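Trainee: Pasting a structure here, questions to come.
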Amino acid sequence: MNVQIESSWKAQLGAEFEKEYFARLTQTVRAEYAAGPCYPPGKLIFNAFNLCPFDKVKVVIIGQDPYHEPGQAHGLSFSVQDGVPFPPSLQNIFKEIHDDLGTPIPASGNLSRWAEQGVLLLNATLTVRAHQANSHAQIGWQTFTDAAIRALATEREHLVYMLWGGFARGKAYMIDKKRNLVLESVHPSPLSANRGGWFGQHQFSAANRYLAENGLEPIRW
C-alpha cells in the first residue's frame, strides 16, 4: 500500500506512518487485497482525506467501515459511487435533509460534493473484505483514524461533529464540546432510525447555523 495522502493531512499524520502498528497494518491490507476482493479500490482508501484537506474541515461525520458490496465504497463514509442505488442509511440521511432544509433528494449518492465543501466523511476502518462487514475492524485502522480525530480536536476549533449511533458516539471523549458543536443521535440505519431519534433532529440546519455563527460558509447539503 503506497500511502498517497493530501499534504496537510500528511503533515498532521506523518508520524503515524512511521509507527510499528502502521507497518503491520500495511502488510495486512496488502495481503487482504491480494487474497480477494476488498473495498474501496486501493487508490481510494484515503479518499476522505484527499478530498477534504485538514485546514478545510468544517464538519466531521464518522462511519464504522466501508460498504462491502461491489461498486459501492469509494472511501467516503455513507457515500456510494454514481449510479449505485442508495443504501438504506443514506436514504434516511437524504430524507432527513429534505425534511430539515427542504433540499430535494439528489439523483446521486456520491457525497464527494460534501467532502469538497469541508465535510470529512471518515470511516473508523478504511477497508473491508468483500461481503464481510467489519472484517478489517481489528487490524489497526482505528488507531490511525483516532489519530486523525485527535489532530482535529487539538489543532482546530468551531467544527461540527456528527456522531450517529453508539459506535460514532464512542469517539466523543476526544472532542472538546466547549470549542466545537457535537451533534449526537441514533444511527440512520432503518433498524435504529425507525425506533425514533433520527428523524426530526434538524442536525443539518443546526450545523449550518453554527458554521455561520462562526464566520464559516454553510454546507450545501
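Trainee: Working only within segment 203-221, note down all residues that are surrounded by fewer than 16 Cβ atoms within 10 Å (Cβ to Cβ), assigned to a helix (DSSP H, G or I) and among the small types (Gly, Ala, Ser).
Mentor: Hits for segment 203-221 are SER205, ALA206, ALA212.
Trainee: Further question: Out of PHE78, PHE54, PHE17, PHE22, report the one residue that is touching a strand residue (DSSP E or B) at 6+ places or on another chain (Cβ under 8 Å) and of a type outside the set (Val, Ile, Thr).
Mentor: The unique qualifying residue is PHE78.
Trainee: So which of ASP146, ASP100 is without any contact (Cβ under 8 Å) to a residue 60 or more places away in the chain, acidic (Asp, Glu) and either closer than 30 Å to ARG30 by Cα or touching a Phe, Trp or Tyr at 6+ places or on another chain (Cβ under 8 Å) (or both)?
Mentor: ASP146
Trainee: Under the condition of being crowded, with 19+ Cβ neighbours inside 10 Å and over 17 Å from the mean Cα position of the chain (by Cα), which residue from segment 181-200 is modelled with the highest pLDDT?
Mentor: TRP198
Trainee: Please specify each residue of segment 114-130 satisfying the condition of being closer than 17 Å to GLU6 by Cα and surrounded by fewer than 21 Cβ atoms within 10 Å (Cβ to Cβ).
Mentor: Hits for segment 114-130 are GLU116, GLN117.
Trainee: Additional query: Which condition number does TYR67 fail, the rest of (1) of a type in the set (Ser, Thr, Tyr); (2) farther than 19 Å from SER189 by Cα; (3) open to solvent by 20 Å² or more (accessible area, probe 1.4 Å) being met?
Mentor: Single failed check for TYR67: (2).
The values are calculated or read from the model by the stated rules, or taken from the named source; none is laboratory data. Quick caveat, the model's predicted, so the values are computed rather than measured. Cβ coordinates were reconstructed from backbone atoms using ideal geometry, including for glycine residues, and neighbour counts include every protein chain displayed. Calculation scope for accessible area: heavy atoms of the full protein, side chains included, ligands and nucleic acids excluded. Shrake-Rupley method; radii C 1.70, N 1.55, O 1.52, S 1.80 Å.
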